[in-house]
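Here is the structure we will look at.
The values are calculated or read from the model by the stated rules, or taken from the named source; none is laboratory data. Since this is a predicted model, take the numbers as computed values, not measurements. Positions of Cβ are backbone-derived with ideal geometry, glycine not excepted, and every protein chain shown enters the neighbour counts.
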Amino acid sequence: MKLKHVQELERLRSQLSSSNGRSEIVISADATCCILRGAKGVAEAFRTELQKAGLTDKVHLRLAGCLGFCEIEPMVILKARDILYQRVEPKDVPEIISESLLGGRVVERLLYVDPATGQKQARIEAVPFYGKQNRLILGANERIEPVRIEDYIAIDGYAALAKGLTMKPEAIIEEIKASGLRGRGGGGFPTGKKWETCRNAESEDGVRYIICNADEGDPGAYMDRSVLEANPHAVLEGMIIGSFAIGSHEGYVYVRNEYPLAVEHLALALRQAEEHGLLGENILGSSHDFRIKVVRGAGAFVCGESTALMQSLEGKVGRPRAKYVHTVERGLYDRPSDLNNVETWANVPLIIQRGASWFASIGTAGSKGTKIFSLVGKINNTGLVEVPMGIPLREIIFDIGGGIPGGKKFKAVQTGGPSGGCIPERLLDIPVDYDELTKAGSMMGSGGMIVMDEDTCMVDVARYFLNFLKGESCGKCVACREGVRRMLEILERITAGEGRLEDLDTLLELGEYLQDTALCALGTTAANPVLTTLKYFRHEYEAHIGERYCAAGVCKPLFQYVISAETCTGCQVCAKRCPVEAISGEKKGPHRINLETCTKCGACFEACRYEAIEKARIKERVA
Amino acid sequence: MAKTSVKSKAPAAGKTTASRKAAPAKRPRPATRPAAAAGGNGKGKPLGSVLVVGAGIAGIQSSLDLAESGYKVYLVEKNPSIGGVMTMLDKTFPTNDCSMCIVSPKLVEAARHNNIELLSYAEVDKVQGQAGRFKIEVRKKARSVDLAKCTGCGACAAACPVDQRIRVPEPIPVEADETVVKTDAIMDRYPPQRASLIMVLQDVNAAFNYLPEPALLRISERLALPYAEVYGTASFYKAFSLEPRGEHLVQVCVGTACHVRGAQRILEEFERLLSVKSGMTTEDRKFTLETVNCLGACALGPIVVVDGEYHGSLNLARVSRLVDNYAKKESA
């Protein structure tokens, strides 16, 4: 149905909301990680069971996208009873329906258990993970099915667009500027200013492009995937408003190739929006035309950089160029091009609908609104969290994240992906905003937050990131191509136990050169992981070099596995598991590891149930 | 071009004698001429002349240096034009600088320098004498063009009916085998323009599980892009494989979240069990092992995708089971 006027949209909305009075069951079923955990099977089971019970008319089953708390998915929420069930399997479904939905009782074993207190929680609000969040963007996920535009319209979707089309383009830009919205992709450039420059930039034929950067390359960050999968229309609406404000008629979404479901949902959303007259010619009866194309990336991290991304859109090799002339003036096909991140676009409808002052009331002086982080790594509550800017890191990690699993000790949190840095425990009270994180030597980045515990070796982490960047450097500028490689060689030497103390000075020096001389942001920030770990964890580097010891037991040449004779029960599991037959010993007697043949694969360490195998310092070194 | 009297005697074929003091290029400052050191900057008058054989980049640079320090230089080149091999190359080792950008200013300078006399399309016949005093005979081949008037416009070459011009090579037609037919079907879905290249490559890669050479040639032909461009793009992006992959594609996620949860050990276990390194295919073409930077499913780390199926929360024991299961399975 093509909507030819704002009033038609409103009429459709009122019809949709009035027909939605049924009791609801929400399943987190239509997102990559939920599907991996078998959510499709759960959804199917609900469908058949509801049919059997003859409840299809009375109960509305909603297959929502990501609900954020990946650790306990698939989640099922019974709206009418206000009950949240975690890790539901298909076999639990009949019980949920008969006991809970019809009987009004609670299925205790499926409730969420707070690991800190051991208490069971039935209400979603009582779960600490959701307690301190402010889910402006992610909150909608629970209320819609990503594949149904009707759901989005029913929750006031495209109302911001309708409002925007009645405004002057300049007024929209003023509104975005006043809101203080900054780029959520990492750089933190003020969005309104970017739009204004793009609108005013000279274009020979008047063509301007709008681009959505969904090339979420930072390892450990997946908020963009989640937003695109769960609520693609929010991003589209933001882009359409942006196109109207900037005066563009052609837009692109550049999505990572590794996100097939996001591409699928996005393509579907595009088709629906076109059918409803929200994209294409004369949007909602106005004189504004706008079209969007989806382009898949091809697995190059550097293509998240604006100039490289635009090269790639043109079908070329994604190599960045120096930005003497910014892409907002000359970008894609040499036309003014506005590039914003998925999350930035998703914020736009909220600002237009609820006003700049409302948005600006959330957050800190320099960073407004909320930010989505993917809280991953060694953390109890892995998931996507959306918090107001300015919340201390400690609250994210310990209150929302529930701390470190297995009673281990927190060591560092890595933010900002390969361009960011590692923040140690003593800085955990800094508020999360663009400027504070930069001051700590890290950066906001796209929002990956990787928690590391005592079993993580910081030298190895630095080596890991450089190895990543070595592979992803496009090779155009010498500083990045050669500098990263040389730094990696030094770190490999250190993790192999052949480091020298003067290496640390060389690393610092090379790192500073990189910051000063590399062509694009990938290169200038490439040294951050090394520089921050050197700054906050220098003692680990020195232990690797001076004592030839990796306390975390990660760098293989710098520790050895030893079986404690007292604790070993002689169960022989480790000996069976050892791929190189390096473990010997009588049954029920203490075992020994032959250090000559041991490859330190860790199979025995993993297999031992009595914690009898330890990672120990190498005492005598064979020269 | 400024011509000396030596030339005017023999405009066509014949022998020219450069009978002044001449030294080979390798020894620009013979011991017999101590005046050279003082004579560089036009104060003392430099003595004698030098003959340089071969007008490649080395010969041209030597000639220019010598001419700058005041010597008369005869630059002999057997080909009709100077510049040598460097003018035919795209880049120079190790800096990847553009060759023509380096050499062409020197070509112009050598041609215009008053102290350099170009003897192109000529060869050294005879060398007499010793260091400090050489007598050299140079044979000039028939050129039948008055170099004093020629502007190098190339109109004569175009008009010549015998047609020995350098021609642009004709494209080699790609044989329409199965690969090409499939590629054509994919290409029909996209507008024939540069911007389609990556999308076409993605679909071709998905269809064949790698990018076969005939397909790349066909793409280059139909998009009217040089093959080098197509190949360069294909090799830049990680999603493309230029070699056939195995029946089962194992992708180990090495994102940061998986890394801190031990993805490295998982990868090493795969490498050990399959006896290949990451990025390689087993000899029996059963498995290809690759790494992927992040699948964005960090709650399930360490995670591996085999033939598009996700396997999360892996440990070493599960890796070997996984390999066994897929080894038994038929191709996906």
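Specify the residue that is modelled with the lowest pLDDT; the eligible residues are those in the stretch A:40-72 that are within 14 Å of chain B (Cβ to nearest Cβ) and farther than 17 Å from A:ASN231 by Cβ.
This residue is A:GLU71.
Considering the stretch A:366-393, the residues that are of a type in the set (Lys, Arg) and away from every other protein chain (no Cβ under 14 Å) include one that is nearest to A:ASN141 (Cα to Cα), namely A:LYS371. Just so you know, in the stretch A:245-265 the residues that are buried (at least 24 other Cβ atoms within 10 Å of the Cβ) and in a helix (DSSP H, G or I) include one that is nearest to the other protein chains (Cβ to nearest Cβ), and it is A:ALA262.
Here A:GLN15 fulfils each of the conditions (1) away from chain B (no Cβ under 14 Å); (2) within 19 Å of A:VAL147 (Cβ to Cβ) apart from (2). Within the stretch A:519-550, restricting attention to residues that are part of a loop (DSSP other than H, G, I, E, B) and not basic (Lys, Arg), the residue that is surrounded by the fewest Cβ atoms within 10 Å (Cβ to Cβ) is A:TYR549. The number of residues in the stretch A:537-551 being more than 30 Å from the chain's Cα centre (by Cα) and of a type in the set (A, V, I, L, M) comes to 2.
The set of residues in the stretch A:121-142 that are under 20 Å from A:ARG354 (Cα atoms), assigned to a helix (DSSP H, G or I) and in contact with an Asp or Glu (Cβ under 7 Å, 6 or more places away or on another chain) contains only A:LEU138.
Considering the stretch B:281-305, and only residues there that are more than 13 Å from chain A (Cβ to nearest Cβ) and either free of Cβ contacts under 8 Å to residues at least 12 places away in the same chain or not hydroxyl-bearing (Ser, Thr, Tyr) (or both), the residue that is nearest to A:ALA221 (Cα to Cα) turns out to be B:LEU289.
Hey, any hits in the stretch A:180-187 for a residue that's farther than 25 Å from A:GLY417 by Cα and either of a type in the set (Gly, Ala, Ser) or surrounded by fewer than 24 Cβ atoms within 10 Å (Cβ to Cβ) (or both)?
Taking the stretch A:180-187 first, the residues farther than 25 Å from A:GLY417 by Cα are none.
For the stretch A:180-187, residues farther than 25 Å from A:GLY417 by Cα and either of a type in the set (Gly, Ala, Ser) or surrounded by fewer than 24 Cβ atoms within 10 Å (Cβ to Cβ) (or both): absent.
Here B:LEU289 passes the criteria (1) in a loop (DSSP other than H, G, I, E, B); (2) of a type outside the set (S, T, N, Q); (3) within 41 Å of the chain's Cα centre (by Cα) except the one numbered (1). Just checking, does the stretch A:214-237 include any residue being more than 24 Å from A:ARG62 (Cα to Cα) and either free of Cβ contacts under 8 Å to residues at least 40 places away in the same chain or more than 14 Å from chain B (Cβ to nearest Cβ) (or both)? No. In the stretch A:537-553, the condition of being over 30 Å from A:GLN515 (Cα atoms) and among the β-branched types (Val, Ile, Thr) is met by no residue. Residue pairs whose Cβ atoms lie under 7 Å apart, separated by 6 or more positions or on different chains, with the first residue in the stretch B:223-250 and within 11 Å of another protein chain (Cβ to nearest Cβ) and farther than 22 Å from B:ALA195 by Cβ and the second surrounded by fewer than 19 Cβ atoms within 10 Å (Cβ to Cβ) and among the small types (Gly, Ala, Ser), do not occur. Residues of the stretch A:298-338 that are assigned to a helix (DSSP H, G or I), among the small types (Gly, Ala, Ser) and within 15 Å of A:ALA521 (Cβ to Cβ): A:GLY304, A:SER306, A:ALA308. Among the residues of the stretch B:49-107, those identified as within 30 Å of B:LYS126 (Cβ to Cβ), surrounded by fewer than 21 Cβ atoms within 10 Å (Cβ to Cβ) and among the charged types (D, E, K, R) are B:ASP65, B:GLU68, B:LYS78, B:LYS106. When each of A:LEU9, A:LEU16 is tested for being buried (at least 21 other Cβ atoms within 10 Å of the Cβ) and over 17 Å from A:ILE77 (Cβ atoms), the lone residue that passes is A:LEU9. Among the residues making up the stretch A:564-623, those that are away from chain B (no Cβ under 14 Å), of a type in the set (D, E, K, R) and not in a loop (DSSP other than H, G, I, E, B) are A:ARG592, A:GLU614.
Each row is one residue, and each column tells you yes or no for (1) among the hydrophobic types (A, V, I, L, M, F, W, C); (2) more than 17 Å from A:PHE129 (Cβ to Cβ).
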{"site": "A:GLN7", "(1), (2)": "no, yes"}
{"site": "A:ALA31", "(1), (2)": "yes, no"}
{"site": "A:LEU36", "(1), (2)": "yes, yes"}
{"site": "A:LYS40", "(1), (2)": "no, yes"}
{"site": "A:GLU49", "(1), (2)": "no, yes"}
{"site": "A:ASP57", "(1), (2)": "no, yes"}
{"site": "A:GLN86", "(1), (2)": "no, no"}
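If you scan the stretch A:505-529, which residues turn out to be within 22 Å of A:LYS556 (Cβ to Cβ) and either of a type in the set (Phe, Trp, Tyr) or modelled with pLDDT of 95 or more (or both)? The one that is within 22 Å of A:LYS556 (Cβ to Cβ) and either of a type in the set (Phe, Trp, Tyr) or modelled with pLDDT of 95 or more (or both): A:LEU507. Any idea which of A:ARG319, A:ARG296 is among the basic types (Lys, Arg), more than 30 Å from A:ILE35 (Cβ to Cβ) and within 14 Å of chain B (Cβ to nearest Cβ)? Exactly one residue qualifies, and that residue is A:ARG319.
Of these, A:PRO146, A:PRO115, which one is assigned to a loop (DSSP other than H, G, I, E, B) and more than 27 Å from A:GLU343 (Cβ to Cβ)?
A:PRO115
Yes/no per residue for (1) over 30 Å from A:GLU482 (Cα atoms); (2) touching a residue at least 40 places away in the same chain (Cβ under 8 Å):
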{"site": "B:SER49", "(1), (2)": "yes, no"}
{"site": "B:SER69", "(1), (2)": "yes, no"}
{"site": "B:ILE82", "(1), (2)": "yes, no"}
{"site": "B:ASP90", "(1), (2)": "no, no"}
{"site": "B:THR95", "(1), (2)": "no, no"}
{"site": "B:SER99", "(1), (2)": "no, no"}
{"site": "B:GLY129", "(1), (2)": "yes, no"}
{"site": "B:ALA142", "(1), (2)": "yes, yes"}
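Yes/no matrix, rows are residues, columns are (1) surrounded by fewer than 23 Cβ atoms within 10 Å (Cβ to Cβ); (2) more than 14 Å from chain B (Cβ to nearest Cβ); (3) over 21 Å from the mean Cα position of the chain (by Cα):
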| position | (1), (2), (3) |
| --- | --- |
| A:LEU313 | no, no, yes |
| A:LYS323 | yes, yes, yes |
| A:ARG330 | yes, yes, yes |
| A:ILE352 | no, yes, yes |
| A:TRP358 | yes, yes, yes |
| A:THR364 | yes, yes, yes |
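For B:VAL252, the conditions (1) of a type in the set (Val, Ile, Thr); (2) in the same structural domain as B:PRO192 (by TED's automatic domain parsing); (3) touching a Phe, Trp or Tyr at 6+ places or on another chain (Cβ under 7 Å) are fulfilled apart from (2). Identify all residues within the stretch A:121-138 that are touching a residue at least 24 places away in the same chain (Cβ under 8 Å) and not hydrophobic (A, V, I, L, M, F, W, C); write none if there are none. Listed by number, the residues that qualify are A:GLN121, A:ARG123, A:PRO128, A:TYR130, A:GLY131, A:LYS132, A:GLN133, A:ASN134, A:ARG135. Inclusion of B:LEU267 among residues that are in a helix (DSSP H, G or I), within 30 Å of A:THR382 (Cα to Cα) and more than 12 Å from chain A (Cβ to nearest Cβ) is not warranted.
Taken over the stretch A:433-457, the criterion of being farther than 17 Å from A:ILE379 by Cβ, within 14 Å of another protein chain (Cβ to nearest Cβ) and among the hydrophobic types (A, V, I, L, M, F, W, C) is satisfied by A:CYS457 alone. Could you grab me the full set of residues in the stretch B:177-204 that are under 19 Å from A:TYR254 (Cα atoms) and in contact (Cβ under 8 Å) with a residue 24 or more places away in the chain? Selection gives B:GLN193, B:ARG194, B:SER196, B:LEU197, B:ILE198, B:LEU201, B:GLN202.
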